[in-house]
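Asks: The structure under discussion is supplied below as structure tokens; questions concerning it will follow.
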Amino acid sequence: MPLKDSTETKYSLSLARKALYALRGLVKLQALVRGHLVRKRTTAMVRCMSALVAIQVRARFQRIQMVENTGSTSKQGFVMGHERRLNAPQLVCPLLCRNII
């Protein structure tokens, strides 16, 4: 196999350099897209967690009210709580893929 002259070597080096720069650009683009997707997923998860915390606070508040109202008829408190639960707006969590009351 004959030796390459300097022009062929320079040309092949320039092609290799172009391919390397294209690959670096592709890797940077891939990292950018992955970062965006991770931030999007994290935002959705934080939204779901805040919804769950709000639900826990609401449930704790209702439990405290029921304990304080044990002097009144407890059946009436249970029925009112049940009606309130049925009329409560439903929060949808995209990560859990189900409705949360």
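Asks: Which of the following residues is at pLDDT below 95 and in a loop (DSSP other than H, G, I, E, B): 95, 86, 13?
Replies: 95
Asks: Out of 20, 32, which single residue is over 28 Å from the mean Cα position of the chain (by Cα) and of a type outside the set (D, E, K, R)?
Replies: Criteria check complete, one pass: 20.
The values are calculated or read from the model by the stated rules, or taken from the named source; none is laboratory data. Treat the numbers as computed from the prediction; the structure is a model and nothing was measured.
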